[in-house]
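I am attaching a structure below and will ask some questions about it afterwards.
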Amino acid sequence: MNSPTDRLSTNQTLFAGGFSAIPTTAVMAPMERIKCTLQVGAANSAGVAYKGPADAAMGIIRTGGFRSLFKGTCATLLRDVPGSVAYFGAYELIKKSLTNQSAGQGSISPLAIVTAGGLAGMANWAVAIPPDVLKSRLQTAPEGRYTGVRQVFVEMMRAEGPGALFRGVGPAMLRAFPANAACFLGVELSLQFMNTLW
């Protein structure tokens, strides 16, 4: 890539996708911890269910200190780096294969965008579900239960086998296609609209 207007190579797209997960994880990890805590209906030390995100955050901090908000950060990276490689890589490769090259660069139908976006979302979750299961298990465990994601993995394999890593894959895939199809359709249509303005 010599100029900002040059298209990225496949390897550059894969690297950019994976790298994008690093700063995202720094922001998302505490929110993921709070979300998972609320999803399992966890309660504070008095046994009362958390009333919302702020209450859950304060309860997590009271129980395990500020650092406990970041419990599962490594597991989030294990999910998001390869997931983002699959996501952005699949989108670009599928979009490229569906683009009408004879009509010129950027000539892609909305159906092709929806297809590429939906399949990219599914590619992401095909890769991300196992580390997501580990992350959720780690983040929702009582404080001190696990030393890290490796212990979660070892105990899960011993007690439940490899199939446990794919719990929730069906709903994740059902959500992935329409959600990411809509996301990429919005991105591509916005880009096309902005390109007509500037």
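How big is the dipole moment of the chain about its Cα centre under a simple scheme where the beta carbon of each Lys and Arg is +1, that of each Asp and Glu is -1, and everything else is neutral? Debye, nearest 20, please.
Here the size comes out at about 460 debye.
Mind grabbing the accessible area of residue 28 for me, 1.4 Å probe, Å², rounded to tens?
Its accessible surface works out to 60 Å², give or take rounding.
What does the highest-first list of 180-190, 85-95 look like by mean Cβ count within 10 Å?
85-95, 180-190
What ranking of 96, 135, 35 comes out by heavy-atom accessible area, probe 1.4 Å, highest first?
The ordering from most to least exposed comes out as 96, 35, 135.
Can you give the helix-only mean residue ellipticity at 222 nm for the chain, where every DSSP H stretch with n ≥ 4 adds -39500 (n - 2.57) and the sum goes over all residues, rounded to the nearest 500 deg cm²/dmol?
Helices in the chain give a 222 nm mean residue ellipticity of -25000 deg cm²/dmol.
Could you work out what % of the accessible surface of the chain is carbon and sulfur, using a 1.4 angstrom probe and leaving DNA, RNA and ligands out of the count?
66 percent
Measuring with a 1.4 Å probe in the full set of protein chains, what accessible area per residue, in whole Å², belongs to the chain?
Per residue, the chain has 57 Å² of solvent-accessible surface.
What's the Cα-based Rg to Rh of region 108-197, Rh via Kirkwood?
That ratio is 1.20, to two decimals.
Now a separate question. Give me the accessible area of residue 15, 1.4 Å probe, in Å² rounded to the nearest 10.
We get 140 Å² for residue 15.
Beyond 20 Å, what share of the Cα-Cα pairs of the chain is found? Please give it as a whole percent.
63 percent
The values are calculated or read from the model by the stated rules, or taken from the named source; none is laboratory data. All of these numbers come straight from a predicted model, not from anything done at the bench. Glycine also receives a Cβ, built like all others from the backbone with ideal geometry; neighbour counts cover every protein chain displayed. The accessibility values were calculated without ligands, DNA or RNA, using every heavy atom of the protein model including side chains. Shrake-Rupley method; radii C 1.70, N 1.55, O 1.52, S 1.80 Å.
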